[in-house]
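I have placed the structure first, in the form of C-alpha cells, so that the comments after it can refer back to it.
The values are calculated or read from the model by the stated rules, or taken from the named source; none is laboratory data. Just so we're clear, the structure is a prediction, and the values are computed from it rather than from any experiment. Glycine gets a Cβ as well: all are built from the backbone with ideal geometry, and neighbour counts include every protein chain shown. Heads up: the accessible areas ignore ligands, DNA and RNA and are worked out on the full protein's heavy atoms, side chains in. Shrake-Rupley method; radii C 1.70, N 1.55, O 1.52, S 1.80 Å.
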Protein chains: 2
Amino acid sequence: MSVVSVKALLAGQCEPGCEVTVRGWIRSRRDSKGGFSFLAVHDGSAHAAIQVVAPAELDNYDADVLKLTAGCSVIASGELVASQGKGQAVEIQAKHIEVCGWVDDPDTYPIAKKRHSFEYLRSVAHLRPRTNTFGAITRVRTVLANAVHRYFYEREFQWVNSPLITASDCEGAGEMFRVSTLDLMNLPRTDSGDIDFSEDFFGRESFLTVSGQLNAEAYCLAMSKVYTFGPTFRAENSNTSRHLAEFWMVEPEIAFANLDDDAALAEDFLRYLLSAVLEHCEDDLAFFNQFVDDGVLARLQKVAHTGFERMDYSEAIKILEKSGKKFEFPVRWGLDMQSEHERYLCEEHVGGPLIVTNYPKDIKAFYMRMNDDEKTVAAMDVLAPGIGEIIGGSQREERLDVLERRMLEQGVEGMEWYRDLRRYGTVAHAGFGLGFERLLNYITGMENIRDAIPFPRTPKHADY
Amino acid sequence: MSVVSVKALLAGQCEPGCEVTVRGWIRSRRDSKGGFSFLAVHDGSAHAAIQVVAPAELDNYDADVLKLTAGCSVIASGELVASQGKGQAVEIQAKHIEVCGWVDDPDTYPIAKKRHSFEYLRSVAHLRPRTNTFGAITRVRTVLANAVHRYFYEREFQWVNSPLITASDCEGAGEMFRVSTLDLMNLPRTDSGDIDFSEDFFGRESFLTVSGQLNAEAYCLAMSKVYTFGPTFRAENSNTSRHLAEFWMVEPEIAFANLDDDAALAEDFLRYLLSAVLEHCEDDLAFFNQFVDDGVLARLQKVAHTGFERMDYSEAIKILEKSGKKFEFPVRWGLDMQSEHERYLCEEHVGGPLIVTNYPKDIKAFYMRMNDDEKTVAAMDVLAPGIGEIIGGSQREERLDVLERRMLEQGVEGMEWYRDLRRYGTVAHAGFGLGFERLLNYITGMENIRDAIPFPRTPKHADY
C-alpha cells in the first residue's frame, strides 16, 4: 500500500488495479444517492485533485466521511481504478479513510469553497496556498526557480550570494531600509550630536541591499561567469500593484563579454525559463489562462518561440515620435521610456519581444559603459508584450579612468574595492537583472505583484 | 576558433589538434631558456589552470607576453596539443595572445602569488575569489546549492521563500536586527513617549527573520512537501569563527510525517549533498584535503556512505556520564549538549554520524511536538564527526490545545495565523534546518565560517 502523490497518480505512474494511499486535504465532497461519496483530495503536487470514491460500507462512513468538509486532512487507501466519470482517467475506490484533522466550524472556514477576491486572500495568506490559484502559483514559482538554477549550472556559472546587509548604496539610487541594533529609546550620540553608528552592530550605518550586482562583478572578474539569485530590498512606497519592498532578483554577470553577448544571454535565458514553465506547468498555465488572463498562454508561447528584435534607443524614440499615438508621458530623446512606450514598441510596432540598447547616459547608472559617442551608454532593456521592461542590463565600465569620471559626475564616492577590479586584470564584462516576482506575475497573469510572493505585505501589514 | 572553458579542455572535451581560445587570468608566467614562456591561465571553471605555451615568435612576445604577471587578463588562441610536461594532459600552443587588462604595479598587487593568511584575505574579499582556495570554495558552494535544489525538485518539494522582513520573532529566541526607515534624528513618539512605530515603513516594529520555518509550515499544510533555501539573520555577537550575522538556511517541511520520517529525510538529504560534492568537486576537495585539512575526504566519504545511527537523548546522556571523559561543560539530563559532547558521541562512541532524538522539552522551542512522557519533545539533532550538530529538526506540535499550552508556558503570544493551521485540517508534520555555510565549512575544512560566504563581515566591518 504505497503512498503516491496525486501528481504521480494522474500522470499514470501506477496501473489500475494497484493498491495505493494518498494523503491530502479535501477540496470537496459530493454524496451520491447510490450510497457512496465522491471526495476530491488534493496534496499540492498537482493542479487537479484525485477523486476518491468512499463506499457506505466503510466502518467510519457515517461517523467521519459524511462529515468531511473542504480543508479536512485525510489519508485514503484503496484500489486505483479507471474512472467512470468525466474529467479524470483514474480514481481510488477507498477501502480505508482516516481523518487526520477536521475543520473547526466549517461555516467560518476562511477559505471555504467559493471564489474569493485576491485582496481578501492576501489577508489570510497562511491559508491561501490551499486554493487552486495559489497552489498553482507555488508550483510555477518552484519550476521557475529550479529552471533559473539549472540554466546557469549547466552553463558553468557559479552561484554567488551578495551580502544583504551592506554599508554601500549600489546605484546611489533607491530608498534603503536601515538595519540596526541600536536602542531607539537611548541612541548613542557623537560629540557633535549625530547618531554614533560606531556603536551599532557593524560599527557603521548599515542598510539592506538594493542589488547584488557590484558584488557579483568581483566574482565575475575571477570566475568568468556568475549569477546571484537572492533577495533585494527597496524602501519605496510599495503600496502599488507593481512594487514590492522585498523581492528576489536574478543577476548574471559575464566576463569577456560586451552588450551583444549580454543581450544574447538575456534572450536565451528568458526563452529557456518560459519554455520550462510551458513544458512543466501545463495544467497550472491552462488554469491561469482560463480564470485569470486569457492571453497568458499565447504571450508565453510568443516570447518562448520568437527571436527577439533589437533596436537602438535613438531609433525607438524616433518610432515613438512618428507613431501618431497619444501617450500619457512625453517622448523625447533623453527621457526614460515609460511602460506605455515600451509596450507600444513591442506590442504594436515589432509585434514581439524587443531589446532596446544604448540609452542616454544621463538616465543610467554610473557603472554602465560609455559608448564612443559620449552621449549614450551600453545599456539594454528587454521588453516583452503585455508588460514592457522585464530585464534591464548593461555592459559595465571596465576602464578605470572613465569609471572614475562617471563616479565624479554622479557623485558616487568611495568604493575603492570596486575600482580595484579595474586596476587588476580588468576585462569587458556585462550583466543584467531580472525581477523574479515580476516575471512570475507576467507568467501567471496575476495583476498584483503581491500575489507572486508567498506572504504578501503592504506598508501597513507585516504580520508574517 | 571556439571559446572553451578550462574545465572543458581539462575534461578532454576537445581533441588535440583543435584550434581553441581560452579567456582568463594569469596565475603565473615562467620563461624558458628555449625562447618561449609558459603561462598558467585560469578562468574559474576548474581548479587547475591550463598551460599556454607562448613562443617568442608572437608579434607581441616582447611587448606584452614578457610583461605578464599574476592577475593580468588575457585571451589566448592556438592549437590544443598533448602536453610534454608533467601535471597536465593538454596545453595550448599559442598563436595569438591578447592582453585585456594589466595589473597596476604588480609589486603591490594585493594577492600576488604567495600564501596569504585567511584573515588577510578577508580584508581583500573582492580579490580573494581569484585565489585557489576561494575559487574552490565558490565552486563547491555552487555544486552544493544546486544539489539542494535538485534534491527537492526531484522529490516534488515546492520551493517557498519566507519573508525576510517580519514582525514576528520565530522562536522567542535570538537577537534580531531592526529594519526601519524612521529618521533617527527625528523619531516620532506616541503620547506616552514611546517610539511611534505606526509611522515606520510597515506601520509596526519590524525585524529581519531568524528562521523561515513557521511560514514554511503554512505551505507544508497545503502542498505536503516544501522547503525554504534563503537567508536568515542573527544579531548575536558574531565575532567568533562559528557564527555569522547573515547566513543561508535550508528548511524542508513535510506533512503526514513524524520524527522518524524527518530523521530519514535528514539522513538521505545530507548523504545526497555530500555524494554530489564528492562526485562533482573532486579536484577542489583534493586541494582542501592537501592544503587545509587532511581529514576532509575521509570524513565526507564516511558520512556519505554510512547509515546514521539513532539514539535517544536520555541514552546519550547516560553514555556521556559513563564515558569517564573530562568535559569542559557539565553533563546532566535536562541540559543541552555542547559540541564536545556531540563530538564524543559520534566520533568516539558511535564512530560515525548519529541522530539524537527526544530532547527535554525545557531546552527546546514551543513548536516541537510533546511526547507522551510530557518530559521530552520530538526533536532531533544530526551529529557528524568533526563538527557535532549539523542539522536540527523536530516533529511540529500539530494539536492546537497542546500548542497553546506550550505557548503559554513559554510566553509566546499572538500568532493567530499559526494557530489557524491547527484549526483547519491539521496533520502530523515535521522539518529541519541546515545552516548552509556551516555545511560548506564542514565540507571544505576551513576553520572560520566567514570564509564560507562570498563577502565576509565582522561586527566592525561592513563595507560590502
Quiz prompt | Qualifying residues in the range A:384-401 (those that are in contact with a Phe, Trp or Tyr (Cβ under 9 Å, 6 or more places away or on another chain) and of a type in the set (A, V, I, L, M, F, W, C)) - the one most open to solvent (accessible area, probe 1.4 Å) | solution = A:ILE387
Exercise. Considering each residue of the range A:142-161, count those that are within 7 Å of chain B (Cβ to nearest Cβ) and either open to solvent by less than 30 Å² (accessible area, probe 1.4 Å) or closer than 30 Å to B:GLU416 by Cβ (or both), and give that number.
Key: 8
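Yes/no matrix, rows are residues, columns are (1) over 35 Å from the mean Cα position of the chain (by Cα); (2) open to solvent by 40 Å² or more (accessible area, probe 1.4 Å); (3) within 12 Å of another protein chain (Cβ to nearest Cβ); (4) of a type in the set (Asp, Glu):
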| position | (1), (2), (3), (4) |
| --- | --- |
| A:SER5 | no, no, yes, no |
| A:LEU10 | no, yes, no, no |
| A:CYS14 | no, no, no, no |
| A:VAL20 | yes, no, no, no |
| A:ILE50 | no, no, no, no |
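What residue, among those in the range A:175-194 that are charged (D, E, K, R) and more than 8 Å from every other protein chain (Cβ to nearest Cβ), is surrounded by the fewest Cβ atoms within 10 Å (Cβ to Cβ)? Lay out the reasoning, then the answer.
In the first step, residues of the range A:175-194 are kept if they are charged (D, E, K, R); the result is A:175, A:178, A:183, A:189, A:191, A:194.
Okay, now just the ones that are also more than 8 Å from every other protein chain (Cβ to nearest Cβ), so A:183, A:189, A:191.
Values: A:ASP183: 10, A:ARG189: 11, A:ASP191: 6.
Taking the candidates together, the pick is A:ASP191.
Could you tell me whether any residue of the range A:83-91 is out of contact with any Leu (no Cβ under 7 Å at 6 or more places or on another chain), at the interface with another protein chain (Cβ under 8 Å from one of its Cβ atoms), open to solvent by 10 Å² or more (accessible area, probe 1.4 Å) and over 30 Å from B:VAL179 (Cα atoms)? Give the steps one after another, and end with the answer.
Just the residues of the range A:83-91 that are out of contact with any Leu (no Cβ under 7 Å at 6 or more places or on another chain), to begin with: A:83-89, A:91.
Keeping just the survivors that are at the interface with another protein chain (Cβ under 8 Å from one of its Cβ atoms) gives none.
No, that holds for no residue.
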Exercise. Could you figure out which of (1) under 21 Å from B:PHE247 (Cα atoms); (2) not assigned by the TED database to the domain that holds A:ARG399 isn't true of A:PHE247?
Key: (2)
Practice problem: Sort out which residues of the range B:346-367 are among the basic types (Lys, Arg) and over 29 Å from B:ALA304 (Cα atoms), and write them in order of number. | Solution: B:LYS361
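Rundown of residues vs (1) of a type in the set (Asp, Glu); (2) without any contact (Cβ under 8 Å) to a residue 12 or more places away in the chain; (3) under 26 Å from A:ASN448 (Cα atoms), yes/no style:
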| site | (1), (2), (3) |
| --- | --- |
| A:PHE287 | no, no, yes |
| A:ASP293 | yes, no, yes |
| A:ARG299 | no, no, yes |
| A:LYS302 | no, no, yes |
| A:THR306 | no, no, no |
| A:ILE319 | no, no, no |
| A:LYS322 | no, yes, no |
Quiz item: If you take the residues in the range B:22-48 that are in contact (Cβ under 8 Å) with a residue 60 or more places away in the chain and away from every other protein chain (no Cβ under 13 Å), which one is surrounded by the fewest Cβ atoms within 10 Å (Cβ to Cβ)?
Solution: B:SER28
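Of these, A:GLY71, A:GLY135, which one is open to solvent by less than 10 Å² (accessible area, probe 1.4 Å), on the phi > 0 side of the Ramachandran plot and within 14 Å of another protein chain (Cβ to nearest Cβ)?
Working: A:GLY135 fails: on the phi > 0 side of the Ramachandran plot.
Just one listed residue meets the conditions, A:GLY71.
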Practice problem: Determine which single condition B:ASP105 fails, assuming it passes every other condition in (1) without any contact (Cβ under 8 Å) to a residue 60 or more places away in the chain; (2) in contact with a Leu (Cβ under 8 Å, 6 or more places away or on another chain). | Solution: (2)
Quiz item: Taking strands (runs of 3 or more DSSP E) that fall entirely within the range B:347-464, which contain at least 2 residues that are of a type in the set (D, E, K, R) and under 29 Å from the mean Cα position of the chain (by Cα)?
Solution: B:388-396
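Give me the residue from the range A:345-360 that is free of Cβ contacts under 8 Å to residues at least 40 places away in the same chain and over 9 Å from A:PRO385 (Cβ atoms) and, out of that set, surrounded by the fewest Cβ atoms within 10 Å (Cβ to Cβ).
A:GLU348
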Practice problem: Please work out which one of (1) at the interface with chain B (Cβ under 8 Å from one of its Cβ atoms); (2) open to solvent by less than 10 Å² (accessible area, probe 1.4 Å); (3) under 29 Å from A:VAL277 (Cα atoms); (4) at pLDDT 95 or above is the condition A:ALA125 fails and give its number. | Solution: (4)
Quiz prompt | Test: residue in the range B:78-86 that is at pLDDT below 95 and hydroxyl-bearing (Ser, Thr, Tyr) | solution = yes
Exercise. Output yes when any residue across the range A:428-439 is within 11 Å of chain B (Cβ to nearest Cβ), out of contact with any Leu (no Cβ under 8 Å at 6 or more places or on another chain) and small (Gly, Ala, Ser), and no when none is.
Key: yes
Practice problem: Please go through the range A:402-423 and pick out each residue that is open to solvent by less than 20 Å² (accessible area, probe 1.4 Å) and either facing chain B (nearest Cβ under 9 Å) or among the hydroxyl-bearing types (Ser, Thr, Tyr) (or both). | Solution: A:TYR418, A:LEU421, A:ARG422
Exercise. Test each condition in (1) at pLDDT 95 or above; (2) surrounded by fewer than 19 Cβ atoms within 10 Å (Cβ to Cβ) for B:ASP107 and report the one that comes out false.
Key: (1)
Quiz item: Would it be correct to say that B:ALA147 is assigned by the TED database to the domain that holds B:GLU437, outside any strand (DSSP E or B) and of a type in the set (A, V, I, L, M, F, W, C)?
Solution: yes
